[in-house]
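Asker: I have a structure I would like to understand better, so I am pasting it below and will then ask my questions one at a time.
Any read-out appearing in this document is the output of simple, stated calculations on the displayed coordinates, not a laboratory observation. Everything numeric in this text was worked out from a predicted model, so none of it was measured. Because the Cβ atoms are built from the backbone with ideal geometry, glycine has one as well, and the counts that use them run over all protein chains shown.
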Ligand SMILES: [Zn+2]
């Protein structure tokens, strides 16, 4: 495999890049969670990097800062760095190959490879470019933790086998009836100035199936294990068995994120060793809690990534009032097997519990 550390400048070296993946299904609040985490010292929220090649480099969508991708100073510098290491880079080809590697139909094969102790995603020459991307982001921004709300667990499985990437995972879970209702809304992407493209609007059945698929894979791949709590040093990778190494991971519920933002953010920050004393929150004590967000350089994702300033944290619970009973029952029935798996795979991750286990581990380590 090509050397992924062939970057052009100094520290931090590629081996130092911590990637904090927000995993789970769509419309779970990942944009808010990732944006808030990206405000912490040492963290950079990059947006959904699995779409960088197509939506950023090829289609020149707007960055979270408002500039087109090609004019954003951060991404211009990052891409120049990647191209110096990989002058042969073909963004459109890479985007298409990555899309094919992430198809849901490949899932059984990927899980079989993982069970055999092989890297789940068959390695490709593109992997050196992807590794270099994360290293270049760290070098350009000076941040050791790259927050990536790509959500797709298959992409997370690929990330954890990249050279020089130290993957940590926040598995964000939201009530599937809420996500199904949210998907039905008409929501402009905001990705291109003046263009009226809408976010995809999958139906109830499709969004339920996706909810089960992505949440179950995330729960199986990264169970919130007591042995790998927040702030833990990752275990060494046995040669050739990188995929079997347990990764520091925490599970956070959207409903907890809005009810107790400080607790949820502390748990999520802790899994990547980020300083939780600098949470970008204000209010509380009877007043609404707000996240105070500086503009981000997010490359793709929910249009909420373009919002900055104070954002009131309250549950988006429209579905409780507006979602027809039959629709709720349908989503509830379709997602029942997935919810059962989550319960049996460590659904004990209220933020307070995660923080307690982190504190216990810190105590044990010192
Ligand atoms: Zn930007």
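Asker: Between residue 287 and residue 103, with labels modelled 7 Å along Cα→Cβ, what's the label distance in nm to one decimal, could you check?
Answerer: 5.4 nm
Asker: Let me ask something additional. Over the stretch 19-92, what relative contact order in percent results from Cα pairs under 8 Å that are six or more residues apart?
Answerer: Over the stretch 19-92, the number comes to 18 percent.
Asker: If we count other beta carbons within 10 Å of each Cβ, what is the order of 60, 166, fewest first?
Answerer: So the ranking, lowest neighbour count to highest, is 60, 166.
Asker: Right, something else. For the stretch 63-129 and the stretch 251-283, what is the centre-to-centre distance using only Cα atoms, to the nearest Å?
Answerer: 29 Å
Asker: Ok, one more. For a protection proxy built on the mean count of beta-carbon atoms within 10 angstrom, sort 120-126, 252-258 highest first, please.
Answerer: Put in order of decreasing packing, that is 252-258, 120-126.
Asker: Using the count of nearby Cβ atoms within 10 Å as a rough guide to exposure, how do 65, 45 rank from fewest to most?
Answerer: Ranking 65, 45 by Cβ neighbours within 10 Å, fewest first, gives 65, 45.
Asker: Something else now. Roughly what would the spin-label model give for residue 16 and residue 59, points 7 Å off Cα along C-beta, in nm?
Answerer: The two pseudo-label positions are separated by 3.5 nm.
Asker: Listing 81, 16 from the residue with the fewest other Cβ atoms within 10 Å to the one with the most, what is the order? Write down the numbers at each step before the final one.
Answerer: Numbers: 81 20, 16 14.
In order of increasing Cβ crowding within 10 Å: 16, 81.
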